[in-house]
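Scroll down for the structure; my scribbles are underneath it.
The values are calculated or read from the model by the stated rules, or taken from the named source; none is laboratory data. Because the structure is a prediction, the values reported are computed rather than measured. No Cβ is skipped: glycine too gets one built from the backbone with ideal geometry, and neighbour counts run over all protein chains shown.
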Amino acid sequence: MFGFLFRKQKAVEELLAEYLHSVEIAQQDFARAMETYLETGGCCPDFEFLTAETHKAESRSDDIQEKMIRFLFEKALIPELRGDILILMEAVDEVPDQFDRVLYGILTQKIVLQDVVKPDLRELVAVSMETCSFMLEDIRALFERSEQAGRILTRVDQLESHGDHIERRLITRIFESDWDPLQKILLRDLTLALGDIADLALSVCRQVNLITVKRRV
């Protein structure tokens, strides 16, 4: 993997693979935490445990990213190549950070879900998770020099637009209700935070596409 970039630097290959795997673990823990939350409608011990697991995976991603940054600056890599990788990793790192922010917000604010919003929230989570899976696929395709690199952007763009539609529908439903005003605001913010995951994944795929285009010139 990634041999076309780092034929002599196996450590970079391993760090990149380890980093992407850690992001993937954070995604899986986040998805499980959200499903638990949607099933129960509130915080519970299982949700708290999965929130902590997501935070651990996010922290591991940060640690690996720091190791990668040090390595890239210590080794004699082409500056443009090093810059592309650093910018891409910074963009990717926003995704597990957002997982952590969403779960921490639910946990600290004790947001209780009404049954009527659960289907839309579940759909929004599913769309966001699909964009993240495509994002990871796109990055791996880039470093494997696959023909698929950059071609995933259109699909992620479509998913992000679908997520925007769900957000608008859900927020309309929230503010048409007679719920407590504070709960309305908390649910609105949660909806927007979940939608931001797809936005961040799309931003990463745009960066992958830009790198792909640069290398074809």
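Please work out which residue is farthest from the chain's Cα centre (by Cα), limiting yourself to region 1-38 and to residues that are at pLDDT 95 or above, farther than 22 Å from residue 90 by Cα and surrounded by fewer than 18 Cβ atoms within 10 Å (Cβ to Cβ). The extreme case among them is 38.
Reported count of residues in region 168-185, each being surrounded by 15 or more Cβ atoms within 10 Å (Cβ to Cβ) and in contact with an Asp or Glu (Cβ under 9 Å, 6 or more places away or on another chain), is 2. Of the residues 206, 151, 188, 168, which is of a type in the set (D, E, K, R) and under 30 Å from residue 45 (Cα atoms)? Going through 206, 151, 188, 168 in turn, just one is of a type in the set (D, E, K, R) and under 30 Å from residue 45 (Cα atoms): 188. Residues in region 113-146 that are among the polar types (S, T, N, Q) and within 18 Å of residue 17 (Cβ to Cβ) were compared, and the one that is farthest from the chain's Cα centre (by Cα) is 146.
Only one of the numbered conditions (1) out of contact with any Phe, Trp or Tyr (no Cβ under 9 Å at 6 or more places or on another chain); (2) touching a residue at least 12 places away in the same chain (Cβ under 8 Å); (3) surrounded by 14 or more Cβ atoms within 10 Å (Cβ to Cβ) is violated by residue 126, and that is (2).
So is residue 164 under 19 Å from residue 203 (Cβ atoms), in contact (Cβ under 8 Å) with a residue 40 or more places away in the chain and surrounded by fewer than 16 Cβ atoms within 10 Å (Cβ to Cβ) or not? So residue 164 fails the test.
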